[in-house]
Amino acid sequence: MDWTLCILCFLCVSVGQSQDQSDAEPAMYGEVHSPDYPQPYAPNLQVQWELSVPEGFHIRLTFTHMDIEASAGCYYDALKVLYNGKVLGRYCGRENSADGHHPGNHPILSPGNRLTLMFQTDSNNPERHQNLGFFAHYQAIDMDECSAPAPADGSGPLCSQICLNTLGSYQCSCRHGFELRPDERTCVLSCGGGIFDEPQGHLLSPGFPQSPPHGVTCEYVISVESGFTVTLNFSDTFHIESLDTEHGRSCPHHWLQVTVPGSEPRKLCGPKSPGLISTNSNTVRLEYHTDDEGLSKGWSLDYSTDRVSCSLPGRVTNGRVTPTMHEYFYRDYIFIKCDPGYKLMMAGREIRSFSAMCQSNGQWHLPLPECHIIDCGEPEPLLNGGVTFLSGIQNQYLSVVQYHCNEPYYTLFGGRNVKFTCEADRKWRSNTDVVVSPTCLPVCGQPTAHVKDFQRIIGGKNAPKNTIPWQVMLSIDGGRGGGMVIADRWILTAAHVLSKERVEAPVNTIRIFMGSNNARTDLGPAVNAFSIHLHPQYNTSDDMNYDNDIALIKLQDPITFHAAVMPICLPADGAAYDDGVMGLVSGFGLDIIGDKSVLTNKLKYVPVPLVNQETCIDSITSKKNEMGENRVPNLTNNMFCAGFPEGGKDSCKGDSGGPFALTKNGSFWAAGVVSWGVDCGKPGTYGVYTKVVNYLDWINKTMREN
């Protein structure tokens, strides 16, 4: 061997040493190949590989290519596969070659988790430029230790009873009634039992259906969740040694004792199965005992559980129990719902809902409630009206009431009496589904007494009591004016009555009297004003301008209407003012007696006819010519005239702001407000009135917004 070959040999050994995997972490797979593969291998090689996988696995070696110089017995060049020094195979040649020894497509399986590969070549390689060497894959294959034959050392099988193969290892187990010894291979008889807490299960005696090898004392405890009861169902195969005596069968040496809390223990033995045993308990203890003599084949059973039952809950008067079942069991719920018109009551108080659960002790966790009839409470009081009970016990379910207004001063909204029933939702409801009390509307323009003839205010007749109940007398800083009631907190009057010398009258200077026909003897207390509202286009800076002479007074407190105080109706939209129609003027103003003007303290009235507008204009023009243009106000389309051409019948000073009333369908309505005039009651002159119909929008808007 020359130096070149020696150096090559040394290098090959070094390469072989670098392939040693003995110190590496065992892998589950890998690959191995000859040096320089896929180039031809060199002569004088000696390379060794140590392959390993984790304990509990074989190594499966699969060649994907082999091209080694072929020779008889692979004498010159060869790859040897060894396990623990034992040669498993020596390989050379090519696949399908006639000489050499090629592994073909058959993998090599190691007996254990290691393999050694040795590759040797000699110095003479006639095909050195064609022989490429080999390439192989290896992988870990799980070892089935349980199927392996018993060790040859006579130590017995891996597991004495049950062997369970696991990935990379195995595990021993024992049959029922036995437990694994510390060597984790062999089993020893044991029936210490334990606690069985699953809702169903299977128990059997050690070795069943064979006799145990010697006497046993075993205990089994079945303990399931509270609220369930255990039932034992023994199989037909049952045999525990017994002794027949004159008093019956006894169990002196072998027995299965069944113990239920609160009951006497029961011993079972003999050749006949006890069959089904209902324990009515969630805990059962089984004690199995045999001695070293005699022969008992044992027993087996299946146990199951059932929920504890509760008694039927009973009936609830005026209510119902749901769901309705023939039996109720642990954790079942019942609910109580009262009939319509009834409410749930418990311990003297009302409850929103009720449910009860069947408990583990077989009792319902709450007693049943009661259903009491509901009541709707007192019906809503009706302002200016009342309520009458028609049927039923007051306020209770299905009671019927009827509302009514204080007639003839108020009438129900809708014009008819309304009946309300106490419904199940505790609301008073009418057949139109109204849930609030109705409203009493004031009756307007219909006095309870009527004037019988027509007289003038000037020289007119005293108004009988209750004939003009909307009449208001205003006293403002010593001056007197009139007004009319149009709502329970509103007075309609003339703007100039509330404004003097361009100054609006303070609210606290306004005294309002109503319900009286005599300002001296029967005036009564004054009603307080809350606010005054002059028409925004009334020109207070010019005492000769009476256009838009209209105003509203809001009262501090609402009025309750009666015979002496009632409102006058407002005109309908587009109300007609026909010439010659008689209107009724009333007030506490000046009266002319002879040639004297006298302030009357008695309410007077007089009917006067509406005057054609052209006639009225002519009258005003004549007065302007007579008295001067600047001493007589102008007539506008917001005014109308009323009176007789011969004079003698008219409104006058002190009547300002009072009503000029017309009638329609028997009701009086406010056609005008006494505004101004020239020479009260003189021939050729007429009273001038603010035309109320022109101001309906302003009146309604003011009352709505204030």
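The values are calculated or read from the model by the stated rules, or taken from the named source; none is laboratory data. Predicted model, so just to flag it, every value in this text is computed and none were measured. Virtual Cβ from ideal backbone geometry, glycine too; neighbours counted across all protein chains shown.
Details
- Test: residue in segment 276-288 that is touching a residue at least 40 places away in the same chain (Cβ under 8 Å), in a strand (DSSP E or B) and exposed (fewer than 14 other Cβ atoms within 10 Å of the Cβ): yes
- Matching residues in segment 509-526 - criterion: being polar (S, T, N, Q) and within 15 Å of Lys602 (Cβ to Cβ): Ser516, Asn517, Asn518, Thr521
- In this entry, Gly478 is excluded by the filter for residues that are at positive phi, modelled with pLDDT under 90 and outside the structural domain of Val565 (by TED's automatic domain parsing).
- Applying the set (1) surrounded by fewer than 17 Cβ atoms within 10 Å (Cβ to Cβ); (2) at pLDDT 90 or above to Val673 leaves exactly one unmet item: (1).
- Of all the residues in segment 323-341, those that are over 25 Å from the mean Cα position of the chain (by Cα) and free of Cβ contacts under 8 Å to residues at least 40 places away in the same chain number 6.
- Selection from segment 243-265 of residues that are closer than 18 Å to Leu301 by Cβ and more than 60 Å from the chain's Cα centre (by Cα): Cys251, His254, Trp255
- With respect to the stated conditions, Thr411 is under 30 Å from Gly583 (Cβ atoms) and either at pLDDT 90 or above or more than 29 Å from the chain's Cα centre (by Cα) (or both).
- Being touching a Gly at 6+ places or on another chain (Cβ under 7 Å), assigned to a loop (DSSP other than H, G, I, E, B), more than 15 Å from Leu79 (Cβ to Cβ) and of a type in the set (Asp, Glu) holds for only one residue in Asp99, Asp153, and it is Asp99.
- Residue within segment 414-424 that is surrounded by 17 or more Cβ atoms within 10 Å (Cβ to Cβ), over 16 Å from Ile373 (Cβ atoms) and over 41 Å from the mean Cα position of the chain (by Cα) present: no
One line per residue, one yes/no per condition, for (1) surrounded by 14 or more Cβ atoms within 10 Å (Cβ to Cβ); (2) part of a strand (DSSP E or B); (3) without any contact (Cβ under 8 Å) to a residue 24 or more places away in the chain:
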site	(1), (2), (3)
Leu164	no, yes, yes
Pro182	no, no, yes
Arg185	yes, no, no
Leu203	yes, yes, no
Gly215	yes, no, no
Tyr220	yes, yes, no
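- Members of segment 286-305 that are charged (D, E, K, R) and modelled with pLDDT under 95: Glu287, Asp291, Asp292, Glu293, Lys297
For every residue, the table says whether it meets (1) on the phi < 0 side of the Ramachandran plot; (2) part of a loop (DSSP other than H, G, I, E, B); (3) in contact (Cβ under 8 Å) with a residue 12 or more places away in the chain.
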| residue | (1), (2), (3) |
| --- | --- |
| Leu256 | yes, no, yes |
| Pro274 | yes, yes, yes |
| Glu293 | yes, yes, yes |
| Ser304 | yes, no, yes |
| Arg315 | yes, yes, no |
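- Those residues of segment 550-583 which are more than 60 Å from the chain's Cα centre (by Cα) and surrounded by 21 or more Cβ atoms within 10 Å (Cβ to Cβ), in sequence order: Gly583
- Residues that are part of a strand (DSSP E or B) and over 28 Å from Asn406 (Cα atoms) within segment 550-584 comprise Ala551, Met582, Gly583, listed in sequence order.
- The residues of segment 328-362 that are surrounded by 15 or more Cβ atoms within 10 Å (Cβ to Cβ), closer than 14 Å to Pro313 by Cβ and among the hydroxyl-bearing types (Ser, Thr, Tyr) amount to a single one, Tyr328.
- Leading residue by the ranking (nearest to Arg320 (Cα to Cα)) among those in segment 388-423 that are in contact (Cβ under 8 Å) with a residue 40 or more places away in the chain and outside any loop (DSSP other than H, G, I, E, B): Cys422
A quick yes/no check of all residues on (1) surrounded by 15 or more Cβ atoms within 10 Å (Cβ to Cβ); (2) touching a strand residue (DSSP E or B) at 6+ places or on another chain (Cβ under 9 Å); (3) more than 30 Å from Asn361 (Cα to Cα); (4) at pLDDT below 85:
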residue: Asp153; (1), (2), (3), (4): no, no, yes, yes
residue: Gly207; (1), (2), (3), (4): yes, yes, yes, yes
residue: Ser211; (1), (2), (3), (4): yes, yes, yes, yes
residue: Ser223; (1), (2), (3), (4): no, yes, no, no
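- Complete set of residues in segment 149-172 that are among the hydroxyl-bearing types (Ser, Thr, Tyr) and either closer than 21 Å to Thr217 by Cα or under 56 Å from the mean Cα position of the chain (by Cα) (or both): Thr166
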